[in-house]
Amino acid sequence: MSNDAIVLLREDHKEIREVFKQFQKAEDGSSTARQRLVDRMIELLTVHTYIENEVMYPRVRELLPELEDDVLESYEEHHVADVLVLELASMKADDERFNAKTTVLIENVTHHMKEEEDDWFPKVREGLGRKALQELGDALLKARRKAPRRPSDPSALKKAVDAFIT
């Protein structure tokens, strides 16, 4: 396996897309299967956004200041995904809005991954070059080992959202 940062992130995207497809096939299936798939989504997205937010985006922002606006947009797209992940982490598959919320998460993350792959990754590859991308990949792998696997406190967010709604 390559330690190139973009290769590593594309591999994450591929794995995330596969879980999305499995969920879409199981959307009318058993709540146990849907819950298992969403739990896997939560883990994959929590780790992926962590390593991008903590390593990739700050480093690219430092080395390629002309990509500042792209990085800031990516942070915001991650924020939206993080909110949905936190909400899903406190839900059960038989909750009324579970499938709808998961569908919105899938749509948002799919859009974000496509933008990264079609627009941002080529700019980063051109701007950084092979050696820097390998060093960045090593840092991503190191961060992955310590990355959280679940959102920090989904129950606190659910209480805050419930309080806001009522």
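The values are calculated or read from the model by the stated rules, or taken from the named source; none is laboratory data. Since we're looking at a predicted model, the values are computed, not measured. Here the Cβ positions follow ideal geometry from the backbone for every residue, glycine too, while neighbour counts run over all protein chains shown.
Could you check, for the stretch 130-148, whether at least one of its residues is closer than 15 Å to Val38 by Cα and out of contact with any Ser or Thr (no Cβ under 6 Å at 6 or more places or on another chain)?
Taking the stretch 130-148 as the starting set, the residues that turn out to be closer than 15 Å to Val38 by Cα are none.
Scanning the stretch 130-148, I find no residue that is closer than 15 Å to Val38 by Cα and out of contact with any Ser or Thr (no Cβ under 6 Å at 6 or more places or on another chain), so the answer is no.
Kindly establish whether Ala143 is part of a helix (DSSP H, G or I) and either of a type in the set (Phe, Trp, Tyr) or closer than 30 Å to Asp28 by Cβ (or both). It is false that Ala143 is part of a helix (DSSP H, G or I) and either of a type in the set (Phe, Trp, Tyr) or closer than 30 Å to Asp28 by Cβ (or both). If the condition is being modelled with pLDDT of 95 or more and assigned to a loop (DSSP other than H, G, I, E, B), then the stretch 58-90 contributes only Leu64. Scanning the stretch 74-84 for residues that are without any contact (Cβ under 8 Å) to a residue 40 or more places away in the chain and in contact with a helix residue (DSSP H, G or I) (Cβ under 8 Å, 6 or more places away or on another chain) yields a total of 6. Among the residues of the stretch 142-166, the ones that are surrounded by 15 or more Cβ atoms within 10 Å (Cβ to Cβ) and at pLDDT 95 or above come to 2 in all.
Please work out if Glu96 is charged (D, E, K, R) and in a loop (DSSP other than H, G, I, E, B). For Glu96, the condition - charged (D, E, K, R) and in a loop (DSSP other than H, G, I, E, B) - is met. Please verify whether Leu37 is more than 28 Å from Glu126 (Cβ to Cβ) and within 14 Å of the chain's Cα centre (by Cα), treating the condition exactly as stated. When the stated conditions are applied, Leu37 does not pass them.
A count restricted to the stretch 1-57 and to residues that are assigned to a helix (DSSP H, G or I), without any contact (Cβ under 8 Å) to a residue 24 or more places away in the chain and over 27 Å from Arg97 (Cα atoms) stands at 2.
When Thr49, Thr32 are screened for being in contact with a His (Cβ under 6 Å, 6 or more places away or on another chain) and among the β-branched types (Val, Ile, Thr), only Thr49 passes. Scanning the stretch 93-127 for residues that are surrounded by 17 or more Cβ atoms within 10 Å (Cβ to Cβ) and farther than 30 Å from Ser30 by Cα returns Glu116, Trp120, Phe121, Val124. Taking the criterion of being surrounded by fewer than 15 Cβ atoms within 10 Å (Cβ to Cβ) and touching a residue at least 12 places away in the same chain (Cβ under 8 Å), the only residue of the stretch 128-137 that qualifies is Arg130.
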